[in-house]
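Below is one structure, written out as structure tokens, with a few remarks after it.
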Amino acid sequence: MSTIEHPRTGGPSSSADWEQVQRSAEFVELRRRLRSFVFPMTAAFLAWYLLYVLMATYARGFMSQKLLGDVNVGLVFGLLQFASTFLITAVYVRYANTRLDPLSERIRSRIEGGEPR
Amino acid sequence: MTTLAQGGGTSVGEPLINLSIFLVFVAITLVVVFRASRSTRTASDYYAAGRSFTGPQNGIAISGDYLSAASFLGIAGAIAISGYDGFLFSIGFLVAWLVALLLVAELLRNTGRFTMGDVLSYRMRQRPVRAAAATSTLAVSFFYLLAQMAGAGGLVALLLEVESKTGQAGVIAGVGGLMVLYVLVGGMKGTTWVQIIKATLLIAGALIMALWVASKFSLNLSGLLGEAASDSGKGDAVLNPGLLYGKDAIGKIDFVSLSLALVLGTAGLPHILMRFYTVPSAREARRSVVWAIGVIGLFYLLTLALGYGAAALVGPGPIAAAPGGSNSAAPLLAFELGGELLLGFISAVAFATILAVVAGLVITASASFAHDVYANVVKRGTVAADSEVRVARITAVVIGALSIVGGIAANGQNIAFLVALAFAVAASANLPTILYSLFWRRFNTTGALWSIYGGLATCVVLIVFSPAVSGLPSSMFKTVDFHFFPLANPGLVSIPVSFLLGYLGTVLTREPAAEAKFAEMEVRALTGAGSERATVH
């Protein structure tokens, strides 16, 4: 039973080489795909959450309106926060699996090329 | 309700049953921890469980780490007493996970080894940033530990009929001692299994109670809400926002401030960040968060049934009068539904919850001290892994002892409030630096230090001079008044201050070395090239 620690091996050793990878078309595309998804999505869910918080604080009359029996707007709005969280999670996983992972794996294997596993 | 009044009126159920179910949990987890200790050899094993857990396993463990007594007892109680405003906690605690999922988890997994200090020191000056990261890690962990240990005292009063402060102190010490033992013996692997067992029990317990409540109201949510409202004595107010927060303009701003800390704090909690290193790859880190969001989301949905169920079936009066106050809503509901046996089970779950979260915090704080401060700041990286782990174990004992003392001192404080403070400190001291470090090429040592120390100091100073600490009947110190900051929650000020300081510190200084290393860090972060893989035994 042996313990193998993988130190930070693999890949180029000089910073110039890392910069070359960073400038490569593939990597630029990977970064674009990541940022163009996560930044707008983060802005969107934070805005949606803050809207909810502000409504619960400053628009109580509206949030207290009953919709169905004793279920009011506030409760539905709260449950929609759950729904949107689950939905964004599912959408991101799909996006990452199809648009991010294949590209990042390609770049990684090119960087680590030839390293025995 | 009459059942509660009988038998002395200060406790419910049969302490012997509560205790024996809990001891069964302790026995099982001890066996698991000792088994895990057999394969704990290297530093990577001790800190990161050899990176051998799968995404789903780690996701459940994250839920175990995250769903503290404040979530279980605190939120159920807050909903039972204050209605809708308690539910606001649940939403903030859940939505916060999107920050971790989208911005932090995977990139962090690819760039660090064990601690937040690893990520920062990647391209900045090692010693100062590691010292700063360790300081904020210890600060957040300490606030969080206090909350858990304080909760243990109140729970004991309710469940074991230990009413003297000395007796409660003894139990707090016992809880703390047991947890340190888990960490010492089992390391991260043992701790992770404890989290998994605890999370499973917690979800099972919450599910049983929620379904039981639902069946009592024939799955009619509106019926449950209606009865909760009519039994509350406050009418529909418990269904509407505003009962707990927002009696005045300051209260409203305070609530917005709290909400901000909740949503931005999660991705800066050190014991959560450290969990991302227990999996072999960024992909598994992503799966961990997805599982965590599923489990945590389900749990917080159930809090709605638990809280309003307790309001409808137990009633706010008996809850407020119980020894643990609002924290006793969930146990009282269990007793109302399933008698002594269900109460015993739920009490054991609540104890297990506290134990497991304390274990997760102790291992994180001790890892940060041993790995960042001892190995890299004091010994400048020349220390053997064995002695680093030895220092981590000694630190775990010290932190455990400190948290026992702090917990005894904080016994009786509002645990949801203490946890909210831990979130505010995490959001102020850690999150800005993590985000800048991962996404901003120019970010440098000065920016990191200003952001961490500035955010931490702003946050702590505002807490000390807030009405939560002095000046009001609800304050920690009721008889003196030295508060000048109007809000109990500092996040609204301290989080922007920390982002601003990080920005200013960076643009006012230049550090070409940090910028030069950004290419390597970014490529590694996005591709996982050269990141640490699972230990092969």
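Pop the C-beta distance of A:Ala16 and B:Glu340 into the FRET formula with R0 = 56 Å and round what comes out to the nearest 0.05. Step by step, r from the Cβ atoms, then E = 0.20. With R₀ set to 35 Å, the beta-carbon distance separating B:Ala321 from B:Thr54 gives a calculated FRET efficiency near 0.15.
In this Cβ point-charge picture (+1 for Lys and Arg, -1 for Asp and Glu), chain B has a dipole of about 1800 debye about its Cα centre. Coupling constants for region B:278-294 follow from the phi torsions by the Karplus curve (6.51 cos²θ - 1.76 cosθ + 1.60, θ = phi - 60°), and in residue order they are 8, 10, x, 7, 5, 4, 5, 4, 4, 4, 4, 5, 4, 5, 4, 4, x Hz; glycine and proline get x. The share of C-alpha pairs in chain B whose separation exceeds 32 Å stands at 40 percent. As a length-normalised measure over Cα pairs under 8 Å and 6 or more apart, the relative contact order of region A:24-110 settles at 38 percent. In order along region B:26-39, the Karplus-derived 3J(HN,Hα) couplings, from 6.51 cos²θ - 1.76 cosθ + 1.60 at θ = phi - 60°, round to 4, 4, 4, 5, 4, 4, 4, 5, 5, 5, 5, 5, 5, 9 Hz, and Gly and Pro are given as x. Over chain B, Cα pairs under 8 Å with separation of 6+ residues give a relative contact order of 30 percent. Placing one equal scatterer on every Cα of region A:24-110 and applying the Debye formula, the log10 ratio I(q)/I(0) at q = 0.11, 0.12, 0.22 Å⁻¹ is -0.48, -0.53, -1.02. Listed by chain and number, the aspartates and glutamates whose alpha-carbon sits under 14 Å from that of B:Lys247, ignoring those within fewer than 8 places in the same chain, are B:Asp85.
Look at B:Ser347, A:Ser64 and count the other Cβ atoms within 10 Å of each Cβ; fewest to most, that gives A:Ser64, B:Ser347.
Its Cα gyration tensor gives the protein assembly as shown an equivalent ellipsoid. The semi-axes, each the square root of 5 times an eigenvalue, are 40, 28, 24 Å from largest down. In this simple spin-label model, placing a label point 7 Å from the Cα along the Cα-to-Cβ direction at both B:Val464 and B:Leu500 gives a separation of 2.1 nm. For region B:209-259 and region B:64-126, write down the distance between their C-alpha centroids in whole Å. That distance is 24 Å. Near B:Leu262: Cβ cut-off under 15 Å, other residues only, Lys/Arg at +1 and Asp/Glu at -1. The net charge is -2. For chain B, adding -39500 (n - 2.57) for each run of n ≥ 4 DSSP H residues and dividing by the number of residues yields -23000 deg cm²/dmol at 222 nm. If R0 equals 35 Å, the separation of the Cβ atoms of B:Thr200 and B:Leu16 corresponds to a calculated FRET efficiency of about 0.90.
Other residues whose C-beta falls under 9 angstrom from the C-beta of B:Ser121 contribute a net charge of +2, scoring Lys and Arg +1 and Asp and Glu -1.
From the residues B:Gln126, A:Tyr95, B:Val24, which one has its Cα farthest along the dipole of the protein assembly as shown in the positive direction, the dipole being from +1 and -1 charges on Cβ of Lys/Arg and Asp/Glu about the Cα centre? The one lying farthest along the dipole's positive direction is B:Gln126.
No lab work stands behind these numbers, since they all come straight from the coordinates. Keep in mind that this is a model prediction, so the values were computed, not measured. We place every Cβ from the backbone using ideal geometry, glycine too, and count neighbours over all the protein chains shown.
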